[in-house]
Amino acid sequence: MADATSTPMMKQYLAMRRELPEDVLLFFRLGDFYELFFEDAKTASPILNVALTKRNGIPMCGVPYHAAQGYIARLIKGGKRVAIAEQTTAPQPGKLVEREIAQIISAGTVDDLNLLEAERSNYLAAVFREGKKFGLAYVDHTTGEFEVAEFTRGEDLADELERLRPTELLFSEEQRDLLELLGHPPAALACEGYYFLLDQATHSLTTHFAVQSLDGFGCAGLSAALCAAGAVLQYVQYQLRRSVAHIRRLRVAQTSDCVLIDAASQSHLELVDTRSGPQHSLLRALDRTCTPMGARRLRHWVLHPLRDLGALVERQEMIASFLEESMLLSQVRTLLKEVRDLERTSGRLSQGSGNARDLLMLAQSLEVVPPLRTLLQTLLERAHPHPDDSGTLPARLLDSLHDLSGISGEINDCIVPEPPIHIKEGGLFREGWNADLDELRAASSLGRQWIADLQTREIERTGIKSLKIKYNAVFGYFIEITKANVGAVPADYHRKQTTVNGERYITDELKRMEDKILGAEERSKAVEYEEFLSLRGRVLQHLEAIQETAEAIAVLDALASLAETAHLFNYNRPVLNETGHLFIRDGRHPVLDQNLTGGDRFVPNDVTLE
């Protein structure tokens with residue numbers, strides 16, 4: 001064991017492993033694989049369903065680099081956290097490849113869209129108790145949403161956690177009794193107490209947002225909430241080593257503006273889930289959204305119903321405007337169906353994990369904004385023709401929909417229609433976009449054709465019909481000869497390797513051309529990577545405008561969905577007031593009304609509550 005762990009590579013691995021918490025599994029990049037060693041391998045192999053092997057007495061298992069996301073997903077679902085150690089230098093004979101831990105992936109910071117539920121936010125939350133106050137902070141790392149709240153009762157905090165259902169919940173290791181008060185919520189993770197110190201948290205937050213005080217965010221006096229918020233930010237930045245550059249705003253959740261529905265009532269009312277699943281919930285009866293952002297927004301509305309009469313009437317008026325303009329509603333929804341998950345896509349790009357496909361999805365979504373603005377402007381003019389209506393909900397949404405066609409145009413002009421997933425392997429940019437890149441690609445292409453021509457010539461020269469010129473990452477280009485034909489090998493062939501089926505050779509001519517081909521290919525990939533980083537940087541200069549646009553689309557989609565549902569089922573607009581009286585005539589329960597089958601019909605009912 002001592003000899004095995006004394007190699008430079010294993011010393012490097014062990015040094016990295018010592019930096020990580022025990023419950024974090026280390027994916028250590030070795031060429032085309034991520035390898036796990038020692039206890040990490042023993043823990044991961046049954047979850048991943050891969051073979052546990054040994055080398056020099058060290059337990060190990062591995063997964064292919066290109067398929068890693070699927071394996072990471074299994075580990076995250078199994079309650080594990082995964083650290084990714086990437087190679088930062090190219091392999092060179094006789095030299096140790098440098099590596100560093102690029103990020104740690106946890107349930108609360110997953111950013112792969114295939115691993116997330118599109119219609120649900122993925123919250124990482126923290127709770128903290130200060131005297132009789134309970135602080136809560138939660139962030140959706142995929143979108144940059146960051147909110148805080150305070151409660152005077154532990155029961156209210158527990159109910160809010162049930163609504164949010166965070167996939168990770170941080171608490172101070174000095175406040176373990178808080179978990180018992182909250183009913184032992186799932187996915188709770190103890191953090192060192194200094195993360196929650198007010199001075200530490202305030203410094204972290206003010207530094208991140210580049211402000212002198214957090215009062216401008218409405219956080220004055222919310223010390224318990226700020227302790228939780230600081231813990232969230234520091235955990236993501238320092239323990240998980242993730243970028244938080246896309247978190248641009250901190251909002252205070254005004255719990256007094258919403259009807260606080262306790263966990264039991266939420267369950268009994270079947271707002272978003274039922275015992276048989278979400279298919280018969282109130283949310284499913286209302287949700288006809290076209291975008292993931294809209295679906296998440298509508299879910300939030302259902303779980304946090306407004307108490308503000310003015311804001312409710314604003315929503316009603318916009319829904320009514322859509323119903324009066326049914327053709328325009330249809331056109332809006334048709335455009336919205338072309339919008340991808342702008343929030344999470346821009347979040348991935350800002351964190352450095354986004355690729356060229358993310359850029360194309362971003363461009364596709366932003367192309368919809370100009371015609372969407374035109375339709376919204378038409379709706380505004382028809383529903384609110386007076387100049388003093390500039391502060392209405394449609395007008396505010398219009399102001400937040402930014403025309404970024406310059407960005408989408410540049411992306412579409414330079415990125416190929418179907419780029420590869422990995423950004424360091426080339427093939428991202430269109431021909432004609434960069435003259436230097438085109439020249440390097442031409443040299444590489446001509447070189448590969450030269451290799452093909454050389455194989456033809458060598459077959460003719462040697463008479464060996466089975467002669468092949470092949471390539472692999474370890475040996476480069478080589479001539480492969482079967483054992484039966486070794487006697488016909490010319491004198492200028494230099495043996496490079498013996499295999500089970502034959503011999504591999506190199507010639508001086510092939511070696512010279514190999515240097516030219518591989519040199520052109522590597523320089524080509526390097527140029528493409530630098531071009532991609534530059535393009536991504538230019539796009540992220542508009543991150544705030546993209547985030548505002550995504551938020552406006554979410555609200556617009558949620559309202560259009562409610563209008564579509566009202567149109568399909570002939571729902572009426574209720575008259576709202578603050579009297580506390582409720583009168584319903586011929587009321588129909590939306591869930592039952594939409595799900596009765598076999599000729600059954602829901603019988604309308606009257607309700608009077610005074």
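When the residues of region 368-384 are narrowed to those that are assigned to a helix (DSSP H, G or I) and in contact with a Pro (Cβ under 8 Å, 6 or more places away or on another chain), which ends up surrounded by the most Cβ atoms within 10 Å (Cβ to Cβ)? Step through it out loud before you land on a result.
The first filter runs over region 368-384 and keeps only residues assigned to a helix (DSSP H, G or I), leaving 369-383.
Cutting the leftovers down to in contact with a Pro (Cβ under 8 Å, 6 or more places away or on another chain) gives us 376, 379-380, 383.
On the way: 376: 20, 379: 22, 380: 20, 383: 17.
Only one residue fits best here, namely 379.
I'd like the full set of residues that are touching a helix residue (DSSP H, G or I) at 6+ places or on another chain (Cβ under 9 Å) and farther than 20 Å from residue 164 by Cβ, limited to region 92-123.
96, 97, 98, 99, 100, 101, 103, 104, 105, 112, 113, 114
Could you list, ordered by first residue, the pairs with Cβ atoms under 9 Å in which the first is in region 87-112 and over 22 Å from residue 70 (Cα atoms) and the second is open to solvent by 40 Å² or more (accessible area, probe 1.4 Å) and of a type in the set (Gly, Ala, Ser), at least 6 apart or interchain?
Between residues of region 87-112 that are over 22 Å from residue 70 (Cα atoms) and residues that are open to solvent by 40 Å² or more (accessible area, probe 1.4 Å) and of a type in the set (Gly, Ala, Ser), the close pairs are 88/102; 91/473; 97/90.
May I ask you to list the residues in region 337-348 that are in contact (Cβ under 8 Å) with a residue 40 or more places away in the chain, among the acidic types (Asp, Glu) and open to solvent by 30 Å² or more (accessible area, probe 1.4 Å)?
Correct list: 343 only.
Show me the strands (runs of 3 or more DSSP E) entirely contained within region 16-115 in which 2 or more residues are open to solvent by 60 Å² or more (accessible area, probe 1.4 Å).
Passing ranges, in order: 53-55.
Can you name every residue in region 172-198 that is farther than 18 Å from residue 161 by Cα and in contact with a Gly (Cβ under 9 Å, 6 or more places away or on another chain)?
173, 174, 195, 196, 197, 198
On the basis of being open to solvent by less than 60 Å² (accessible area, probe 1.4 Å), farther than 26 Å from residue 103 by Cβ and out of contact with any Lys or Arg (no Cβ under 9 Å at 6 or more places or on another chain), does residue 253 make the cut? Spell out how you get there, then give the answer.
Details: open to solvent by less than 60 Å² (accessible area, probe 1.4 Å): yes; farther than 26 Å from residue 103 by Cβ: yes; out of contact with any Lys or Arg (no Cβ under 9 Å at 6 or more places or on another chain): yes.
Judged against the criteria, residue 253 is a match.
Output the number of residues of region 575-606 satisfying the condition of being closer than 24 Å to residue 257 by Cβ and in contact with a strand residue (DSSP E or B) (Cβ under 8 Å, 6 or more places away or on another chain).
2
Here's a check for you: in region 390-418, which residue that is over 28 Å from residue 354 (Cα atoms), of a type outside the set (A, V, I, L, M, F, W, C) and part of a helix (DSSP H, G or I) is least open to solvent (accessible area, probe 1.4 Å)?
Looking at the filtered set, the residue picked out is 394.
Among the residues of region 246-268, write down those that are at pLDDT below 90 and either in contact with a helix residue (DSSP H, G or I) (Cβ under 7 Å, 6 or more places away or on another chain) or not small (Gly, Ala, Ser) (or both).
Passing the criteria: 254, 255, 257, 258, 259, 260, 261, 262, 263, 266, 268.
Which is closer than 22 Å to residue 255 by Cβ, free of Cβ contacts under 8 Å to residues at least 60 places away in the same chain, under 28 Å from the mean Cα position of the chain (by Cα) and open to solvent by 10 Å² or more (accessible area, probe 1.4 Å), of 161, 189? Spell out how you get there, then give the answer.
Values: 189 fails: closer than 22 Å to residue 255 by Cβ.
Matching residue, one of 161, 189: 161.
Just the residues that are among the hydroxyl-bearing types (Ser, Thr, Tyr) and touching a helix residue (DSSP H, G or I) at 6+ places or on another chain (Cβ under 6 Å), please, taken from region 310-368.
321, 345, 346, 350, 365
Of the residues 451, 481, which single one is under 30 Å from residue 30 (Cβ atoms) and among the β-branched types (Val, Ile, Thr)?
451
Go through region 551-610 and give me each residue that's outside any helix (DSSP H, G or I) and among the hydrophobic types (A, V, I, L, M, F, W, C). Give the derivation first.
Filtering region 551-610 down to residues outside any helix (DSSP H, G or I) leaves 570-589, 596-610.
If the condition is that a residue be outside any helix (DSSP H, G or I) and among the hydrophobic types (A, V, I, L, M, F, W, C), then 575, 576, 582, 583, 584, 596, 602, 603, 607, 609 are the ones that fit.
For residue 489, state whether it is over 22 Å from residue 91 (Cα atoms) and either touching a residue at least 12 places away in the same chain (Cβ under 8 Å) or not hydroxyl-bearing (Ser, Thr, Tyr) (or both).
yes
I need the full set of residues from region 428-474 which are touching a Ser or Thr at 6+ places or on another chain (Cβ under 6 Å) and assigned to a loop (DSSP other than H, G, I, E, B), in order please.
466
Select from region 349-367 the residues that are open to solvent by 30 Å² or more (accessible area, probe 1.4 Å) and either at positive phi or assigned to a helix (DSSP H, G or I) (or both) and list them in ascending order.
Residues satisfying the conditions are 352, 357, 360, 361, 364.
Starting from residues that are charged (D, E, K, R), touching a Lys or Arg at 6+ places or on another chain (Cβ under 9 Å) and under 16 Å from residue 504 (Cα atoms), keep the ones in region 430-484 and report whichever is least open to solvent (accessible area, probe 1.4 Å).
Ranking the candidates gives 480 first.
Tally up the residues in region 256-293 that are part of a helix (DSSP H, G or I) and over 23 Å from residue 343 (Cβ atoms), please.
12
Could you look through region 273-287, keep only residues that are open to solvent by less than 70 Å² (accessible area, probe 1.4 Å) and without any contact (Cβ under 8 Å) to a residue 60 or more places away in the chain, and pick out the one that is nearest to residue 165 (Cα to Cα)? Before you say what the answer is, go through the steps one by one.
First pass over region 273-287, keeping only residues open to solvent by less than 70 Å² (accessible area, probe 1.4 Å): 273-274, 277-278, 281-283, 285-287.
Now restrict to residues that are without any contact (Cβ under 8 Å) to a residue 60 or more places away in the chain: 273-274, 277-278, 283.
Values: 273: 12, 274: 15, 277: 16, 278: 15, 283: 16 Å.
So, considering only residues that are open to solvent by less than 70 Å² (accessible area, probe 1.4 Å) and without any contact (Cβ under 8 Å) to a residue 60 or more places away in the chain, the one nearest to residue 165 (Cα to Cα) is 273.
Quick check: anything in region 582-603 aromatic (Phe, Trp, Tyr) and out of contact with any helix residue (DSSP H, G or I) (no Cβ under 9 Å at 6 or more places or on another chain)?
Checked against the condition, which is being aromatic (Phe, Trp, Tyr) and out of contact with any helix residue (DSSP H, G or I) (no Cβ under 9 Å at 6 or more places or on another chain), region 582-603 yields at least one hit.
Can you tell me which residue in region 544-578 is farthest from residue 307 (Cα to Cα), limited to those that are touching a residue at least 24 places away in the same chain (Cβ under 8 Å) and of a type in the set (Val, Ile, Thr)?
546
Here are the criteria: (1) modelled with pLDDT under 90; (2) not in a helix (DSSP H, G or I). Tell me which single one residue 526 does not satisfy.
Of the numbered conditions (1) modelled with pLDDT under 90; (2) not in a helix (DSSP H, G or I), the odd one out for residue 526 is (2).
Of all residues in region 526-549, count the ones that are over 21 Å from residue 143 (Cα atoms) and surrounded by fewer than 20 Cβ atoms within 10 Å (Cβ to Cβ).
6
Which condition breaks for residue 468 when tested against (1) modelled with pLDDT of 85 or more; (2) closer than 24 Å to residue 91 by Cβ?
It is condition (2) that residue 468 fails.
The values are calculated or read from the model by the stated rules, or taken from the named source; none is laboratory data. The structure displayed is predicted, hence computed values, not measured ones. Note that we place each Cβ from the backbone using ideal geometry, even for glycine, and neighbour counts take in every protein chain shown. Each accessible area value is taken on the protein alone, full model and side chains, heavy atoms only, with ligands, DNA and RNA left out. Shrake-Rupley method; radii C 1.70, N 1.55, O 1.52, S 1.80 Å.
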